[in-house]
Amino acid sequence: MKPTKKKLIVLPEAKEEVTSSGIHFVEARSRTQLQGTVVSIGGEITEAAVGDVIVYSPLFFEEIEIQGEKHHVIEEPDIHAIID
């Protein structure tokens with residue numbers, strides 16, 4: 001699957017937390033930045049490449065499912081950093 005123009009498809013890192021009583025939960029959208037690996041890019045992307053690990057906005061993405069895994073579709077301006 002290839003996104004259009006200035007969009008990227010990202011496989012997010014799961015942020016799972018465990019409470020003191022041992023209950024596991026995955027963080028919902030919050031104001032904390034998200035991190036994930038770029039799996040596909042649109043034709044107008046200039047800042048990131050497939051395989052890059054990026055930090056991006058938790059507020060501006062669409063969630064899609066590819067082969068049973070949740071992915072995020074984001075726009076290039078919502079990338080905050082590329083991790084070396």
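For the stretch 1-15, give me each residue that is assigned to a loop (DSSP other than H, G, I, E, B) and either surrounded by 10 or more Cβ atoms within 10 Å (Cβ to Cβ) or of a type in the set (Phe, Trp, Tyr) (or both).
Those that are assigned to a loop (DSSP other than H, G, I, E, B) and either surrounded by 10 or more Cβ atoms within 10 Å (Cβ to Cβ) or of a type in the set (Phe, Trp, Tyr) (or both): MET1, PRO3, LYS5, LYS6, GLU13, LYS15.
Among residues belonging to the stretch 67-84 that are on the phi < 0 side of the Ramachandran plot and exposed (fewer than 13 other Cβ atoms within 10 Å of the Cβ), point out the one that is farthest from the chain's Cα centre (by Cα).
Let us first name the residues in the stretch 67-84 that are on the phi < 0 side of the Ramachandran plot, namely 69-84.
From the residues that got through so far, the ones that are exposed (fewer than 13 other Cβ atoms within 10 Å of the Cβ) too are 69-70, 77, 80-81, 83-84.
Values: GLU69: 12, LYS70: 9, PRO77: 13, HIS80: 11, ALA81: 12, ILE83: 13, ASP84: 16 Å.
Result: ASP84.
For the stretch 26-58, the set of residues classified as modelled with pLDDT under 95 and touching a Ser or Thr at 6+ places or on another chain (Cβ under 9 Å) consists of GLN33, LEU34, PRO58, listed by residue number. Looking across the stretch 36-84 at every residue that is free of Cβ contacts under 8 Å to residues at least 12 places away in the same chain and of a type in the set (Gly, Ala, Ser), the one that is farthest from PRO3 (Cα to Cα) is identified as GLY68. Cβ-Cβ contacts under 7 Å between residues 6 or more apart (or on different chains), taken from a first residue in the stretch 1-14 that is at positive phi to a second residue that is surrounded by fewer than 21 Cβ atoms within 10 Å (Cβ to Cβ) and not in a strand (DSSP E or B), are listed as LYS5/GLY42; LYS5/GLY43; LYS5/GLU44.
The values are calculated or read from the model by the stated rules, or taken from the named source; none is laboratory data. Everything numeric in this text was worked out from a predicted model, so none of it was measured. Quick reminder, even Gly has a Cβ in these numbers, built from the backbone with ideal geometry, and neighbours come from all protein chains shown.
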